[in-house]
Amino acid sequence: MEGADRISSLPSEVIVSILSHLPIKDAVRTSVLACSWRHLWTFRSHLSLGWSGDPLLFGDTCNSGRQPVASSWIERAHHVVSSLRGPLLHFAFCQRFSSDQSALLQRLLDLLLQKGSLETLHLSTGWVAIHLPSFHSLKKLELYRCRIVLPTGFQGFRRLSTLSLHRVQISNDDLNLLIHISNNLTTFKAMDFVASENHPYSIMFNLPFLRSLEFSINEYVDKVEVFSAPCLERASISSYAYFKFKNFASVNLGLVTSVVMVSSLNLDFNVLKSLSLAALPSNFTFPRLTYLELFLNVQTMDIDKRMFNAFIWLLRSMPLLKVLDLQLGEYSIVDDRVDIQMGEFLLKNHHGISCLDHTLKCVKIRTKKLNSVMTSITLVKFLLLNAKVLKLMKVAYWTGSEVEQSVIEVLQNVKETTSSNAKVAIIRRRISLTSGPLGSTQSQPPTEVGKPDVKRLPRFRGRISACKPGDFPEPYGPITASCVFVL
């Protein structure tokens, strides 16, 4: 019927759910639509307030680019939270405060505690100290650029399952207490700690339900190890390039060897380089690991035999490895001497790697430019030659719109030389690919995958054909790219 108000005829629960996903300014504006709408916005369960968020709180400053006065901001935020009549489940706010405004911020946190129903909390408050209340219903806590102090008698978060800390300043004792009390954690993420009073962190994880661990080591971390985490499945470890690698060799090695129970492991280039400077244990084994993701920077200045040794040590310690995911650095260069050096070392030290003989079935090579594969062509050849049960090698790149013919020719020649039965799939994507158990695949909608453009391709001795998105199911990962060729 023309002119009928179909939205108002919806159940109130549905309207409130819609309002919960609107910016608070737009949600409040709906109160003038009708008497029945006047207080509906106050029952929203999601509230996000921040510098990039709501003009209602900032006035004209949000559009002008000027930072609003924090005291006025916190008073308006307090008024909005006080006006809510229903349970507030998810709350996030981001604003920089000065030390003299700590009391106002603490008042807002105490008001959230009184609500008694908060499940998700995201805070970004700058470096003003805040006392973190014990939210007993909290399930997810994310802190960014915060200075946290645990109050006396802190009882922890009984239901907390996800804890994320990014550029957080907290004392070593408070951090270990927070981790110890939150014994129901399943996901822990810590990036770029800021030490309090120059006291380094010494962290020990003893979490019976922890499944995912992501940790970034910097100069403030003196020791970090997993003492007990029987359910741990995924671990991601990173470090920083501008620190001296020797100082981090023992820290990185201690964490890597303590996550022995994982089935998926992610290491960045700086961790691999620091491991090359450590005394690697000879009889160490990851008994459950099936997925390894490495970031390799194959510039000449960063290549040496110790890094090859760390790479071989990882392969040798993973007898059940099924998927090897290699992400190549953006600024890779070609150097014949490095290529020869890598080949000689791999050929001499590849004996005794059980996964090459029995379990390794898929190799992924991700790079920004397809020609970056040229610097690792010896590594590609080594894997095709020695991985006896290899079924698929995926080479994915996302720069440019044309297939680079010279690289395809080289890969074709390598495949023929090694007599490998594995399929080599060359995949062009439109944006960067971040896939694997520790990340999510993000790409633009694929174009139609049809026949390859014959005009752009040289004549090959082998078979080149297009494939469908479902040709390579999990665990190798679905192919949903703009162009796929199989050698």
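Test Ser354 against the stated conditions and say whether it is within 22 Å of Glu214 (Cβ to Cβ) and at pLDDT 85 or above.
Judged against the criteria, Ser354 is not a match.
Just one of the numbered conditions (1) at pLDDT below 70; (2) assigned to a strand (DSSP E or B) is not true of Leu347; which one?
(2)
Can you pull out the residues in the stretch 146-193 that are farther than 15 Å from Pro133 by Cα and among the charged types (D, E, K, R)?
Arg167, Asp173, Lys189, Asp192
Which condition from (1) over 22 Å from Gly352 (Cα atoms); (2) touching a strand residue (DSSP E or B) at 6+ places or on another chain (Cβ under 7 Å); (3) modelled with pLDDT under 95 is the one that Ala249 breaks?
(2) is the only condition that Ala249 fails.
In the stretch 262-293, what residues are part of a loop (DSSP other than H, G, I, E, B), of a type outside the set (Gly, Ala, Ser) and under 21 Å from the mean Cα position of the chain (by Cα)?
Val262, Asp268, Leu289, Thr290
How about the stretch 23-46: which of its residues are in contact with a helix residue (DSSP H, G or I) (Cβ under 8 Å, 6 or more places away or on another chain) and either part of a helix (DSSP H, G or I) or without any contact (Cβ under 8 Å) to a residue 24 or more places away in the chain (or both)?
Correct list: Ile24, Lys25, Ala27, Val28, Thr30, Ser31, Trp37, Arg38, Leu40, Trp41, Thr42, Phe43.
Would you please name the residue that is modelled with the highest pLDDT, looking only at residues in the stretch 79-107 that are over 24 Å from Ser45 (Cβ atoms) and loosely packed, with under 15 Cβ neighbours inside 10 Å?
Ala103
Looking at the stretch 90-116, which of its residues are in contact with a Gly (Cβ under 9 Å, 6 or more places away or on another chain) and closer than 22 Å to His21 by Cα?
Ala92, Phe93, Cys94, Gln95
Is it the case that the stretch 377-400 has a residue that's modelled with pLDDT under 85, under 27 Å from the mean Cα position of the chain (by Cα) and surrounded by fewer than 18 Cβ atoms within 10 Å (Cβ to Cβ)?
The answer is yes; a qualifying residue exists.
Going through Ile15, Ile7 one at a time, which residue ends up being surrounded by 15 or more Cβ atoms within 10 Å (Cβ to Cβ) and at pLDDT below 85?
Being surrounded by 15 or more Cβ atoms within 10 Å (Cβ to Cβ) and at pLDDT below 85 holds for just one of Ile15, Ile7, which is Ile15.
The values are calculated or read from the model by the stated rules, or taken from the named source; none is laboratory data. Worth saying up front: this structure is predicted, and the values here are computed from it rather than measured. Note that each Cβ is placed from the backbone with ideal geometry, even for glycine, and that neighbours are counted across all protein chains shown.
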